[in-house]
Structures are given as C-alpha cells and as structure tokens.
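K.L.:
Below is a structure I'd like to ask you about.
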C-alpha cells in the first residue's frame, strides 16, 4: 500500500498499473493480486491505509464528542486540516476517475466517508435545534459536502492564494451562516 501511495503522489495517477505497483514494492504482480484481487480494492485500501497512518480517527475525536454547532466547526477543522495530508493521492484519484473505474471506486469510497462525517455534523446541528429553517438535513448535508470538497480547497488555497488557517475559519463561518440558525 505504501508503494501505491508513493506512486500515486509522484505520478499524479498517470500510468499507475498493478505491474508498476508490484515493481515499486519489490514483489511480483501475482503477489499483489493475492492480497488485492482488484485494482479498485488496492486503491481503496491504500486510501484507508493513509487514514490509519495519519491517525484520522484521532483527529476526529473532538468533533465526534461535540454537539450542535461546535461539532460542525470541529468537523470542518478536522477535515480541512486533513486535506493537505491526502491531497497528492486525492488529486491523482480525481485525475484518473473519469477513465479509470478502480480510481473512481476508491475516490467514491473515501468521499462517502467524508459525506458521512458531514451528515453526522448536520445531525448534531439539527438535534440542537439549530438547523436553518427551510433546510432539510439531507439538503444541509449536500451543501456541507460540496463546501468542504477537495476541489473547493484547491481553488481557494492554490488559485486564490488563501492560507490554510483562512480556509478553515472562513469555511466554518460560511457553514454556520448558511446552515445554522
């Protein structure tokens, strides 16, 4: 998985085949297939492995323990702080997903995990009676998920030149203004 991670970051996803991964790991292609029957499974497991290495569950502890709008703020802080750590692999999977079913499956898997985090934050806001009138939890989850997307982070950080701190505090304020009462 580490070889897959390294190759994805270095190549931006272009040309990362099972044979390339096997060669980088110093094993046969058949050995890779013994552990990962499909490339989609290997890419997905690699992304999850990154979560373990970066201790994402630890980073999410405060958010998971919080309630109401505080959970929303802490979720954005945790996820927004994690994006720079996974950006290289994320960028590779995004670049590959339109033409590579395995990359699309891996990216979808990880973004569904992000969506679940958004849903939990919105549920906490709703349980506190603070969901903006007129918004359903599903619609609020959709909006938050779009707001905290990797693509939005890239635009603001790289195209607009925002600092990481500005990104997080501004998204927290936007989410509170747009989703809470």
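The values are calculated or read from the model by the stated rules, or taken from the named source; none is laboratory data. Note that the coordinates shown come from a computational prediction; the quantities given were computed from them, not determined experimentally. Using ideal geometry, Cβ is built from the backbone for each residue, glycine included, and neighbour counts are taken over all protein chains shown.
K.L.:
Here are the criteria: (1) in contact with a helix residue (DSSP H, G or I) (Cβ under 7 Å, 6 or more places away or on another chain); (2) over 30 Å from residue 177 (Cβ atoms); (3) modelled with pLDDT of 85 or more. Tell me which single one residue 2 does not satisfy.
P.N.:
In the conditions (1) in contact with a helix residue (DSSP H, G or I) (Cβ under 7 Å, 6 or more places away or on another chain); (2) over 30 Å from residue 177 (Cβ atoms); (3) modelled with pLDDT of 85 or more, residue 2 misses (1) alone.
K.L.:
Something else now. So which residues in the stretch 16-69 are surrounded by 14 or more Cβ atoms within 10 Å (Cβ to Cβ), farther than 22 Å from residue 105 by Cα and in contact (Cβ under 8 Å) with a residue 24 or more places away in the chain, if there are any at all?
P.N.:
60, 63, 64, 66, 68, 69
K.L.:
Working carefully through the options 150, 125, 114, find the one that is surrounded by 13 or more Cβ atoms within 10 Å (Cβ to Cβ), farther than 28 Å from residue 44 by Cα and either at pLDDT 95 or above or in contact with a helix residue (DSSP H, G or I) (Cβ under 6 Å, 6 or more places away or on another chain) (or both).
P.N.:
Among 150, 125, 114, only 125 is surrounded by 13 or more Cβ atoms within 10 Å (Cβ to Cβ), farther than 28 Å from residue 44 by Cα and either at pLDDT 95 or above or in contact with a helix residue (DSSP H, G or I) (Cβ under 6 Å, 6 or more places away or on another chain) (or both).
K.L.:
Return yes or no: is residue 86 assigned to a helix (DSSP H, G or I), under 30 Å from residue 127 (Cβ atoms) and either out of contact with any strand residue (DSSP E or B) (no Cβ under 6 Å at 6 or more places or on another chain) or at pLDDT 85 or above (or both)?
P.N.:
Criteria met by residue 86.
K.L.:
Determine whether residue 164 is closer than 15 Å to residue 70 by Cβ and in contact (Cβ under 8 Å) with a residue 60 or more places away in the chain.
P.N.:
no
K.L.:
Does residue 120 satisfy the criteria of being farther than 14 Å from residue 68 by Cβ and either out of contact with any helix residue (DSSP H, G or I) (no Cβ under 6 Å at 6 or more places or on another chain) or part of a helix (DSSP H, G or I) (or both)?
P.N.:
no
K.L.:
Would you check if there is a residue in the stretch 171-178 being in a helix (DSSP H, G or I), under 14 Å from residue 83 (Cα atoms) and modelled with pLDDT of 95 or more?
P.N.:
yes
K.L.:
Of the conditions (1) closer than 15 Å to residue 100 by Cα; (2) part of a helix (DSSP H, G or I), residue 16 satisfies every one except a single condition; which number is it?
P.N.:
Failed condition: (2).
K.L.:
Another question, if that's okay. When the residues of the stretch 76-111 are filtered to those that are in contact (Cβ under 8 Å) with a residue 60 or more places away in the chain and within 24 Å of residue 136 (Cβ to Cβ), which remaining residue is surrounded by the fewest Cβ atoms within 10 Å (Cβ to Cβ)?
P.N.:
79
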